[in-house]
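Trainee: Pasting a structure here, questions to come.
The values are calculated or read from the model by the stated rules, or taken from the named source; none is laboratory data. Just so it is clear, the structure is predicted and the values come from calculations on it, not from any experiment. Cβ coordinates were reconstructed from backbone atoms using ideal geometry, including for glycine residues, and neighbour counts include every protein chain displayed.
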Amino acid sequence: MKVSKLLMATALTAVTTAGATTASADELTLCWAAWDPANALVELSKDFESQSGIKMNFEFVPWPNFADRMLNELNSGGKLCDLLIGDSQWIGGAAENGNYVKLNDFFAQEGISMDDFIPATVTGYAEWPKGTPNYWALPAYADVVGWTYRKDWFERPELQTEFKEKYGYDLGIPSSLEHLKDIAEFFQGREIDGNTVYGAAIYTERGSEGITMGVTNALYNYGFEYQNPNKPYDLEGYVNSPGAVAGLEFYKELYDVGAPPGSSNWYMSEDIDAYKSGQVALQMNFAFIWPGVNADPNVGGDHTGYFANPPGPAGQFAQLGGQGISVVANTDNMEGALAYIKWFAQGDVQARWTDMGGASAMRSVVEAPGFADAQPFNQAFLDSMAIVKDFWAEPSYASLLLPMQGRVHEYVIAGQGTAQEALDGLVQDWIEVFEDEGLR
Amino acid sequence: MSGTPIDRLARATPPSLARRVRGLSDRAIAWLFVGPSIVLLLAVNIFPLIWTINLSFTNFKANRLRDVEYIGLRNYQRILTDSGTWESMQATAHFLFWTIFFQVLIGFALAYLINKKFKGNNLWTTIIVLPMMLSPAVVGNFWTFLYQPQIGLFNYVVEFFSGVDASSFSMIGSTHLAPWAIVIVDTWMWTPFVMLICLAGLRSIPDSIYEAAECDRASKWRQFWTLTVPMVLPFLMLAVLFRGIENFKMFDLVVQLTGGGPGSLTTLTSIDLKREAFEKWRTGYASAYAVILFVTVFGLASIYVKALNKVKER
Amino acid sequence: MSGFSVTEPSNRQKWIAAVLVILYALITIAPLLWIIATGFKSPEDAIAYPPKVLFEPSLEGYVNLFTTRTRITEGMQQTLPPPATWYQQIARDSGTMIAGPSRYGQRFLNSVVIGFGSTFLSIFFGTLAAYAFSRFRVPIKDDLLFFILSTRMMPPIAVAIPIFLMFRQLGLNDTQLGMILLYTAVNLSLAVWLLKGFIDEIPLEYEEAALIDGYTRFQAFYKVVLPQAATGIASTAIFCLIFAWNEYAFAVLLTSGTAQTAPPFIPTIIGVGGQDWPAVAAGATLFLIPVMIFTILLRKHLLRGITFGAVRK
């Protein structure tokens, strides 16, 4: 009867350990995505730990599961996180559902001013409703979609000659999305140093938010609008305008002529892997990867250049990434959590944050003389941050994101239907969501 | 001295209580024994089911703090007229049909071969059985690695045998291949299940029947179709029932493999339901969806069980 | 009938059967062997093209599985002390330094606690219920038994909606206790059905003899029936354990950090930039091997377990 003894023993342990894992008052748990900047934050936070005596715990979740896990945690009333560096689009829901603590009074009391941060990040990461001075987060990590390219390949004379002959202009940083596609097509399937390489690694992921974060960079620049600027939640003719259709068609063409075969479900990490292993000439990705690319032994340094998302017929925009840091309303250690934010908002901490591999959104850091030249990618970062646009940040953000993921993936990757049909369908999906919310 | 938990529990019971327990009538013991299980099942299954049915008539969203309104049958109407629902039903039907088809075919063939009782058949049976006992999520996740173009073992093996360039196709990325990619992994995992049941069926056939057939000079082929197949059929149908119910519920393996993509091609009903319930947080809508799925699986299973009983009676 | 039987397959048939079955077995085991092998590859070998069958074994996957690491930047290089242990050395060789333990151990422990805890409870309640169903005239017995079985037909995601709300109300979300109770309830149907089958097979005469000897019903149950059913109980327990061990849908929805089990965790193991396949494979190997061993132990009762006792063999 050894088995039952074992069972008995473990059952007893189970009962005694269950519920014994509540955090003590001098500990804080910070939740974020598992990526390089998070490791930098662990290092940076050691300073806070020694100053305050509060022990920091971290819960980092990989990107593809991040939204799922964290929104589930918030909605289930969990107590895992005291501080959450949550994605920019969650703010509407988290604010309206009471998941985040409103920080206005705290900011006023501690003399933290939102004017000290890049305006786009304040709107994107901290405000809800957008455009009003109601703050639910402190801008923590400035991020935006941009491009890296293989400078060393672009500079090869034989490729330059061939490119010029074929397309009639010089091979270099593309001056428009159309040119970017030419370059991707040019490199697609080409032999370079004995390896077959491809054009551009772009976002195509289905499961979370990948393809949406990618396709918007084309949509915005071809004339897509989320809604009538004069009449909120009026979508017809904006989401599916002729420009938007052209933008979606552009993205599909880019995928068809310039993306590596089999890259049908790629997001940040797949794009990085493809670029670092020398498979692609161009890479779409959030700027957070740039320090890592620059330091890479194979593609770093002079091998790589950086540029902001090129303009299209309707203007130049780039998809906003990045996050603000919020206090979770459910925390047992409100004081400690606020102390962390106070510490984090200091100018010198923010400067160190950028040095260590973070990306401060504080103006004193990014507008400092010499910042633009301090790193080879800083200018591209500043250019990109100046043209950002974000996805819906409504409380029903996930309900808006999911149909977009489905419709766009179906057209771009699966090749079903037309761009017009995809966007018309999206308008219907979104109208339904807004009707459910009582907003239309 | 026996050391079962019950034994120790009995020894630890205070004498007064023990006396009372000992004196209990059979009927009281019956209820005492069945009671806890029923209570637990009521609490974790029936109560939630009633709650789900109730929620299915509301516009409740579990992540929102707002008043809940009863909206009648609106959720049901919307689900049944939504093209996405039917697409996921179609994906599920494709998945169900082909997984069962291949598993029955291969499973029966394997059982038939193993029943030839060659030396060492027990060892090989155990090896074949291994995949079905493993965690589908963990295994499914690893199959994404096996399916990768270029570096994946699966693509490489295909290239080795057919000459098709391993980097030229992506099992989970292509619209033509993805629905088959999930069928392949499920078949790999669950063929042994059908095989085991068929094997039990084959072994239940007494030798004397074949001996009699032999005396009647029935050919082997005829024996197979008139004796073996009908005798195994009830077992086979049972296997199909189990696989049908399990694959109708399928979530973990496919979610890890394809995440429902490309597009919505492998978005099975469970995945669709999960998106509605735990990503869009349309709790009321998702509850109605859950009720529809439950009625579907329960209805189909009941009809099927009736058919199964008829076959058994024959 | 000396030496010849019409039902005994010929040697040739046996040969063909053996070759085909062994071929299938080798194909089916290949992905599992590949998981185990990948765990011992270096990250470069794991993603080599063409896939490497022969490789130099490396423990980097296992080191990465149990640790979190940060990339060593140029500035740090000078100030670092030399690696003190073999695993620090492995991390250093790949340009990283160990920052601390990973969550894998904790997730694995959660799996153990929740798995064994729920198995114990479902066997405890399941044995009692199964005995009653087997030996007594319980009113509406067939309906109750069918009801117990039908609870297994619901898609887990459908059940998870109200469970999520209920757990939220009771504060059971992301707790081991909540998961133990949930898995107990899910496993009960299997336990009752299987155990009833095992107890049905124990001849009534033993108990009758005991009752005549002056035992009460209760004594007869635990002194006579339980020991007889021990093998059945043990194999039922293993089935319950395997279910709880492998479960994913409830775990991914109802746990986030504290009580998360290994199945939702393993697919999210990533290294410094990109999915770390050797570490994933290492984690999967450690997680799958106990079940492989159980499966081999369970050989005889396997069929019964997977068919809810419908096929007994």
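Trainee: May I ask you to verify whether C:Leu190 is assigned to a helix (DSSP H, G or I), in contact (Cβ under 8 Å) with a residue 24 or more places away in the chain and either away from chain B (no Cβ under 11 Å) or touching a strand residue (DSSP E or B) at 6+ places or on another chain (Cβ under 8 Å) (or both)?
Mentor: Taking the combined requirement at face value, the residue satisfies it.
Trainee: What tally of residues in region B:53-67 results from selecting those that are crowded, with 19+ Cβ neighbours inside 10 Å, assigned to a loop (DSSP other than H, G, I, E, B) and more than 9 Å from chain A (Cβ to nearest Cβ)?
Mentor: Of the residues in region B:53-67, 3 are crowded, with 19+ Cβ neighbours inside 10 Å, assigned to a loop (DSSP other than H, G, I, E, B) and more than 9 Å from chain A (Cβ to nearest Cβ).
Trainee: Against the definition (closer than 27 Å to C:Pro9 by Cα and more than 21 Å from the chain's Cα centre (by Cα)), how does B:Asn121 come out, yes or no?
Mentor: Taking the combined requirement at face value, the residue satisfies it.
Trainee: Among the residues of region C:226-244, are any crowded, with 22+ Cβ neighbours inside 10 Å, over 26 Å from C:Leu297 (Cα atoms), hydrophobic (A, V, I, L, M, F, W, C) and assigned by TED's automatic domain parsing to the domain that holds C:Pro155?
Mentor: The answer is no; no qualifying residue exists.
Trainee: Please find, among A:Pro311, A:Pro297, the residue that is surrounded by fewer than 24 Cβ atoms within 10 Å (Cβ to Cβ) and free of Cβ contacts under 8 Å to residues at least 60 places away in the same chain.
Mentor: Exactly one of A:Pro311, A:Pro297 is surrounded by fewer than 24 Cβ atoms within 10 Å (Cβ to Cβ) and free of Cβ contacts under 8 Å to residues at least 60 places away in the same chain, namely A:Pro297.
Trainee: Let me ask you something else. Six or more apart or on different chains, Cβ under 9 Å: which pairs go from a residue in region B:280-297 that's touching a residue at least 12 places away in the same chain (Cβ under 8 Å) and part of a loop (DSSP other than H, G, I, E, B) to one that's of a type in the set (Asp, Glu) and surrounded by fewer than 24 Cβ atoms within 10 Å (Cβ to Cβ)? Could you list them?
Mentor: Close Cβ pairs (under 9 Å, with a partner that is of a type in the set (Asp, Glu) and surrounded by fewer than 24 Cβ atoms within 10 Å (Cβ to Cβ)) amount to B:Arg282/A:Asp436.
Trainee: Could you count how many residues in region B:221-247 are at the interface with another protein chain (Cβ under 10 Å from one of its Cβ atoms) and free of Cβ contacts under 8 Å to residues at least 24 places away in the same chain?
Mentor: 1
Trainee: On the basis of being more than 7 Å from chain B (Cβ to nearest Cβ), surrounded by fewer than 19 Cβ atoms within 10 Å (Cβ to Cβ), in a helix (DSSP H, G or I) and basic (Lys, Arg), does C:Arg152 make the cut?
Mentor: Spelling it out, it is not the case that C:Arg152 is more than 7 Å from chain B (Cβ to nearest Cβ), surrounded by fewer than 19 Cβ atoms within 10 Å (Cβ to Cβ), in a helix (DSSP H, G or I) and basic (Lys, Arg).
Here is a yes/no grid of residues against (1) within 13 Å of chain A (Cβ to nearest Cβ); (2) under 26 Å from B:Leu146 (Cβ atoms):
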| residue | (1), (2) |
| --- | --- |
| B:Asp252 | no, yes |
| B:Leu257 | yes, yes |
| B:Pro262 | yes, yes |
| B:Ser270 | no, yes |
| B:Leu273 | yes, no |
| B:Ala277 | yes, no |
| B:Lys280 | yes, no |
| B:Gly284 | yes, no |
| B:Ala288 | no, no |
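Trainee: Name every residue in region A:266-309 that is hydroxyl-bearing (Ser, Thr, Tyr) and either within 18 Å of A:Arg206 (Cβ to Cβ) or outside the structural domain of A:Met213 (by TED's automatic domain parsing) (or both), in order of residue number.
Mentor: Those that are hydroxyl-bearing (Ser, Thr, Tyr) and either within 18 Å of A:Arg206 (Cβ to Cβ) or outside the structural domain of A:Met213 (by TED's automatic domain parsing) (or both): A:Tyr267, A:Ser269.
Trainee: Could you tell me which of the residues A:Ser269, A:Ser263 is of a type in the set (S, T, N, Q) and surrounded by fewer than 24 Cβ atoms within 10 Å (Cβ to Cβ)?
Mentor: A:Ser269
Trainee: Sticking with this structure for a sec: Only one residue in C:Tyr222, C:Tyr215 is out of contact with any helix residue (DSSP H, G or I) (no Cβ under 6 Å at 6 or more places or on another chain), facing chain B (nearest Cβ under 10 Å), surrounded by fewer than 24 Cβ atoms within 10 Å (Cβ to Cβ) and of a type in the set (Phe, Trp, Tyr). Which one?
Mentor: C:Tyr215
Residue-by-condition table, conditions (1) within 18 Å of A:Ala120 (Cα to Cα); (2) under 20 Å from the mean Cα position of the chain (by Cα):
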{"position": "A:Ala339", "(1), (2)": "no, no"}
{"position": "A:Gly347", "(1), (2)": "no, no"}
{"position": "A:Gly357", "(1), (2)": "no, yes"}
{"position": "A:Ala361", "(1), (2)": "yes, yes"}
{"position": "A:Val365", "(1), (2)": "yes, no"}
{"position": "A:Pro369", "(1), (2)": "no, no"}
{"position": "A:Ala374", "(1), (2)": "no, no"}
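Trainee: Continuing with this model, one more query. Consider B:Val164 carefully, then state whether it is over 23 Å from B:Gly263 (Cα atoms), surrounded by fewer than 16 Cβ atoms within 10 Å (Cβ to Cβ) and within 14 Å of chain A (Cβ to nearest Cβ).
Mentor: yes
Trainee: Still on this structure: Restricting to region A:268-287, name every residue that is at pLDDT 90 or above and either under 14 Å from A:Asp143 (Cβ atoms) or of a type in the set (A, V, I, L, M, F, W, C) (or both).
Mentor: Across region A:268-287, the qualifying residues are A:Val280, A:Ala281, A:Leu282, A:Met284, A:Asn285, A:Phe286, A:Ala287.
Trainee: I've got another one for you. Before we move on, is C:Ile161 aliphatic (A, V, I, L, M) and free of Cβ contacts under 8 Å to residues at least 12 places away in the same chain?
Mentor: Against the criterion (aliphatic (A, V, I, L, M) and free of Cβ contacts under 8 Å to residues at least 12 places away in the same chain), C:Ile161 qualifies.
Trainee: Which residue, of A:Gly278, A:Gly237, A:Gly243, A:Gly214, is outside any strand (DSSP E or B) and surrounded by 23 or more Cβ atoms within 10 Å (Cβ to Cβ)?
Mentor: Sole residue among the options that is outside any strand (DSSP E or B) and surrounded by 23 or more Cβ atoms within 10 Å (Cβ to Cβ): A:Gly214.
Trainee: Among (1) touching a strand residue (DSSP E or B) at 6+ places or on another chain (Cβ under 6 Å); (2) under 24 Å from A:Gly199 (Cα atoms), there is one condition A:Ile272 misses while meeting the rest; what is its number?
Mentor: (1)
Trainee: Would you mind stating whether C:Tyr104 is touching a residue at least 24 places away in the same chain (Cβ under 8 Å) and either under 28 Å from the mean Cα position of the chain (by Cα) or outside the structural domain of C:Ser58 (by TED's automatic domain parsing) (or both)?
Mentor: yes
Trainee: Given the criteria farther than 26 Å from B:Trp143 by Cα, at pLDDT below 90 and of a type in the set (Phe, Trp, Tyr), does C:Phe294 qualify?
Mentor: For C:Phe294, the condition - farther than 26 Å from B:Trp143 by Cα, at pLDDT below 90 and of a type in the set (Phe, Trp, Tyr) - is not met.
Trainee: Out of the residues in region A:88-119 meeting the condition of being modelled with pLDDT under 90 and more than 9 Å from every other protein chain (Cβ to nearest Cβ), tell me which one is surrounded by the fewest Cβ atoms within 10 Å (Cβ to Cβ).
Mentor: Here the answer is A:Gln89.
Trainee: Just to be sure I understand, how many residues within region A:117-152 are in a helix (DSSP H, G or I) and touching a Gly at 6+ places or on another chain (Cβ under 8 Å)?
Mentor: 6
Trainee: OK, next. Looking at region B:99-163, what helices (runs of 4 or more DSSP H) fall wholly within it and have at least 2 residues that are in contact (Cβ under 8 Å) with a residue 40 or more places away in the chain?
Mentor: Result: B:121-129, B:136-146.
Trainee: I've got another one for you. For C:Arg304, which of the numbered conditions (1) under 24 Å from C:Gly61 (Cβ atoms); (2) at the interface with chain B (Cβ under 10 Å from one of its Cβ atoms) fails to hold?
Mentor: Here C:Arg304 clears every test but (1).
Trainee: Do the conditions hold for C:Gly117, that is, is it in contact with a Pro (Cβ under 9 Å, 6 or more places away or on another chain), of a type outside the set (A, V, I, L, M, F, W, C) and in a helix (DSSP H, G or I)?
Mentor: Spelling it out, it is not the case that C:Gly117 is in contact with a Pro (Cβ under 9 Å, 6 or more places away or on another chain), of a type outside the set (A, V, I, L, M, F, W, C) and in a helix (DSSP H, G or I).
Trainee: May I pose another question? Could you please find all residues in region A:142-193 being hydroxyl-bearing (Ser, Thr, Tyr), within 30 Å of A:Ala33 (Cβ to Cβ) and touching a helix residue (DSSP H, G or I) at 6+ places or on another chain (Cβ under 6 Å)?
Mentor: Matches in region A:142-193: A:Thr148 only.
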